[in-house]
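K.L.:
Below are the structure tokens for one structure; questions will follow.
Every read-out reported here was derived from the displayed coordinates using simple, explicitly stated rules and does not represent laboratory data. Here the structure is a predicted model, which means the values were calculated and not measured. Using ideal geometry, Cβ is built from the backbone for each residue, glycine included, and neighbour counts are taken over all protein chains shown.
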Amino acid sequence: MSKRAAQKEAARVIREQLARERRRRRTLWTSIVAVAVLVIAGGIGYGVYAAQHKSSFATPPGSVANGTGFATGSGPATVDVYEDFLCPHCKEFEDASGSAVEQLASQGKARVIYHPIAILDGASTTNYSTRSAAAAGCAGAEGKFREYAKALFAQQPSEGSAGLSDDQLVQIGTSIGLSESSFGTCVRDGTYKSWVQHVTDEASAAGVTGTPTVKVNGRQVQPTAAAITAAVQPGGSSS
Amino acid sequence: MILDIRRLPVRRWPAVQPWLGTLVRLGLAAVWLTAGAAKAGDLAAAGRAVNAYQVMPYDVAKVVGAALPFVEIALGLLLVAGLATRLAGVVSAALLAVFVAGISSAWARGLSIDCGCFGGGGELAAGQSPSYGPEIARDLAFGALAAFLIAYPLTRLSVDRWLAASDAPAGPTPEEM
């Protein structure tokens, strides 16, 4: 190899090394930028969620001690019923087994706690799940939670619709004897919407991932009158 | 007329590959943008969808559910721009692997949930049966797109390509080296 050729060869090697170095630095910096973009995006997501999620909430008077629902009756067993007022299977459950569960409460066999949760806001165009559950909170504050809940299920709108309007929610209340002024104001102001968020959050934390969910003494059972009644019997919940 | 289909693609591959890469990149971007946008509207629901897999405490699921839609959107934007394409491909493949693992685990444990991949999620109503098989197949197909970008990250109409071009020396001046 001539001296001239060797010089050219050396220059080529150096050029390639410099090019590799530039490529390495370019990859490093674009990677740092990309990772930063992803991390910041995740942080923004959590920030948006935290801003939407109110940490304080108004608990309707008359709700259970931890504020996650309304109880009826008393007894050795505890039955937790989680329902969304837009959920068609919850209406089916109420139609088929609602009165049997109420009987367990009235006969002193169980304390039944109804938790109105909102997990189907995406299935109506007006967040009907949250609005209806908040209205049920208003009814509960005046001692008529269960009556109002049953009236809501009787007039359940279909999934994908706009649901019932606030005026209709108020009307259902006045039809069962709630006052237009106090109950109506409570519904239209959405006083207990933040409470519904709390009830829903606590249900999720308790492992509720769908509706209707029924628990007897903390254990999930099939949402049928037979299964609930069997689990409520002494020793029944161990099955 | 006889068309030699075995030789044709091989000859054209160097010309076709960067443009095919652009299509793959934009396709995967569309997947992430759609998935992220579908979930970003209701972050609480996204958290519940994660919670339905029952693999982490709800407090953790809430954070994952809130962060994930925005990470997906950011990943989609990186792919649209073609910035750090190989890294975006690796992150895509990793996320999809986690999703496939989650769905498989839900399947194996006999859970009956909606994967929540494009919004929705949570336990299925009585009478509805899960579609874990198609959900996994879909994620694997998206994974194939990611794999293509890991293998061939330099695509047309990308920031990566533009950066590479503008970073190169102005001209062939070997004597200065």
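K.L.:
Contact order normalised by length for chain B, with contacts defined as Cα pairs under 8 Å and 6 or more residues apart; what percent is it? Numbers along the way, then the final one.
P.N.:
On the way: 223 pairs, mean separation 52.3, N = 177.
Dividing the mean separation by the residue count of chain B yields 30 percent.
K.L.:
Helix-only mean residue ellipticity at 222 nm, chain A, DSSP H runs n ≥ 4 weighted -39,500 (n - 2.57), per residue, nearest 500. What is it? Mind showing how you got there, number by number?
P.N.:
Numbers: 8 runs with 132 residues, N = 239.
Calculated from helices alone, the mean residue ellipticity at 222 nm is -18500 deg cm²/dmol.
K.L.:
Picking from A:233, A:175, A:191, whose Cα lies most toward the positive end of the charge dipole for region A:70-234 (charges on Cβ: Lys, Arg +1; Asp, Glu -1)?
P.N.:
A:233
K.L.:
From the phi angles alone, apply the Karplus equation (6.51, -1.76, 1.60; θ = phi - 60°) to region B:151-157 and give each ³J(HN,Hα) in whole Hz, x where the residue is Gly or Pro.
P.N.:
Here the 3J(HN,Hα) series is 6, 10, x, 8, 10, 5, 6 Hz.
K.L.:
Moving on to the next point. Taking beta carbons within 10 Å but only from partner chains, what does the mean come to for residues B:51-59? It would help to have the intermediate numbers written out before the result.
P.N.:
Working: counts 5, 6, 1, 2, 0, 0, 1, 8, 3.
Average neighbour count from other chains, rounded to a whole number: 3.
K.L.:
Determine the gain in length on full extension of the stretch residue A:99-residue A:54; use 0.36 nm per residue of separation and subtract their C-alpha separation, reporting nm with one decimal. Don't skip to the end; give the middle numbers.
P.N.:
Working: separation 45, 0.36 × 45 = 16.20 nm, distance 3.52 nm.
Full-extension gain reported as 12.7 nm.
K.L.:
Counting other beta carbons within 10 Å of each residue's own, what order do A:40, B:113, B:136 fall into, fewest first? It would help to have the intermediate numbers written out before the result.
P.N.:
Working: A:40 13, B:113 24, B:136 18.
Going from sparsest to densest Cβ surroundings: A:40, B:136, B:113.
K.L.:
Trypsin sites (Lys or Arg not before Pro), restricted to region B:7-90: which are DSSP loop and have at most 12 other Cβ atoms within 10 Å? Numbers along the way, then the final one.
P.N.:
Details: sites: B:7, B:11, B:12, B:25, B:39, B:48, B:62, B:86; in loops: B:7.
Answer by residue number: B:7.
K.L.:
Applying the Karplus parametrisation 6.51 cos²θ - 1.76 cosθ + 1.60 with θ = phi - 60° to the phi angles of region B:134-145, what ³J(HN,Hα) value in whole Hz is obtained for each residue in order, glycine and proline being reported as x?
P.N.:
Rounded to whole hertz, the list is x, 5, 5, 4, 4, 5, 5, 5, 4, x, 5, 4.
K.L.:
Report, in listed order, any pair from A:109/A:215; A:54/A:144; A:91/A:215; A:91/A:150; A:215/B:62 with a Cα-Cα distance greater than 19 Å.
P.N.:
On the way: A:109/A:215 15 Å; A:54/A:144 26 Å; A:91/A:215 17 Å; A:91/A:150 9 Å; A:215/B:62 23 Å.
With Cα atoms farther than 19 Å apart: A:54/A:144; A:215/B:62.
K.L.:
Where does each of A:93, B:118 land when they are ranked from fewest to most other beta-carbon atoms within 10 angstrom? Don't skip to the answer; put the middle values down first.
P.N.:
Working: A:93 23, B:118 15.
The order, fewest Cβ neighbours first, is B:118, A:93.
K.L.:
Give the residue list of trypsin sites (Lys or Arg not before Pro) in region A:34-131 that are DSSP loop and have at most 15 other beta-carbon atoms within 10 angstrom. Please list the in-between numbers first.
P.N.:
On the way: sites: A:54, A:91, A:109, A:111, A:131; in loops: A:54, A:109.
Listed in order of number, the matching sites are A:54.
K.L.:
Give the residue from A:51, A:11, A:33 lying farthest towards the positive end of the charge dipole for region A:1-52; charges sit on Cβ (+1 for Lys and Arg, -1 for Asp and Glu) and the dipole is referred to the Cα centre.
P.N.:
So the residue we want is A:11.
K.L.:
Roughly what would the spin-label model give for residue A:217 and residue A:165, points 7 Å off Cα along C-beta, in nm?
P.N.:
Distance between the two pseudo-spin positions: 5.0 nm.
K.L.:
For peptide B:33-46, compute the average count of partner chain beta-carbon atoms within 10 Å of each residue's beta-carbon.
P.N.:
Details: counts 0, 0, 0, 2, 0, 1, 1, 3, 2, 5, 7, 10, 6, 2.
Counting other chains' Cβ atoms within 10 Å and averaging over B:33-46 gives 3.
K.L.:
Pop out the ³J(HN,Hα) list for region A:124-131 in order, Karplus 6.51 cos²θ - 1.76 cosθ + 1.60 with θ = phi - 60°, rounded to Hz; leave Gly and Pro as x.
P.N.:
9, 8, 10, 6, 4, 4, 5, 5
K.L.:
Placing +1 at every Lys and Arg Cβ and -1 at every Asp and Glu Cβ, with all other atoms neutral, what dipole size does the protein assembly as shown have around its Cα centre, in debye to the nearest 20? Write down the numbers at each step before the final one.
P.N.:
Numbers: 36 positive and 32 negative charges, 524 e Å.
The calculation lands at about 2520 debye.
K.L.:
For the charge dipole of region A:101-158, defined by +1 on Lys and Arg C-beta atoms and -1 on Asp and Glu C-beta atoms about the Cα centroid, which residue among A:101, A:153, A:140 has the Cα displaced farthest towards the positive pole?
P.N.:
Result: A:101.
K.L.:
Could you size up the charge dipole of region A:70-234 around its Cα centre, putting +1 on the beta carbon of Lys and Arg and -1 on that of Asp and Glu, and report it in debye to the nearest 20?
P.N.:
440
K.L.:
I would also like to ask the following. Sequence-distant or interchain residues sharing an amide H contact under 5 Å with residue B:155, placed H: which?
P.N.:
Those qualifying (amide H under 5 Å, at least 5 residues apart or on another chain) are B:161.
K.L.:
Averaged over its residues, how many other protein chain Cβ atoms are within 10 Å of peptide A:22-34's Cβ atoms?
P.N.:
Numbers: counts 4, 4, 0, 1, 6, 7, 0, 2, 9, 6, 2, 5, 11.
Partner Cβ neighbours, averaged per residue: 4.
K.L.:
Running a GNM on chain A with Cα contacts under 10 Å, which residue among A:199, A:81, A:221 ends up with the highest mean-square fluctuation?
P.N.:
Comparing A:199, A:81, A:221 in a Gaussian network model of chain A, the most mobile one is A:221.
K.L.:
In region A:180-211, which chymotrypsin sites (Phe, Trp or Tyr not before Pro) fall in coil by DSSP and have 15 or fewer other Cβ atoms within 10 Å?
P.N.:
On the way: sites: A:183, A:192, A:195; in loops: A:192.
When the chymotrypsin sites (Phe, Trp or Tyr not before Pro) of region A:180-211 are filtered for loop state and at most 15 Cβ neighbours within 10 Å, nothing remains.
K.L.:
For B:150, B:103, A:119, which order do you get if you count the other beta carbons within 10 Å of each Cβ and list the fewest first? Mind dumping the intermediate values first?
P.N.:
Working: B:150 15, B:103 24, A:119 28.
Taking fewest neighbouring Cβ atoms as first place, the list is B:150, B:103, A:119.
K.L.:
Here's something else I'd like to know. Using amide H atoms built in the peptide plane, which far-off residues or other-chain residues are under 5 Å from residue A:83 H to H?
P.N.:
Under 5 Å from the amide H of residue A:83: A:115, A:117.
K.L.:
Treat every Asp and Glu Cβ in region B:1-103 as -1 and every Lys and Arg Cβ as +1, leave all other atoms uncharged, and give the resulting dipole magnitude about the Cα centre to the nearest 20 debye.
P.N.:
Charge dipole, region B:1-103, about its Cα centre: 480 debye, nearest 20.
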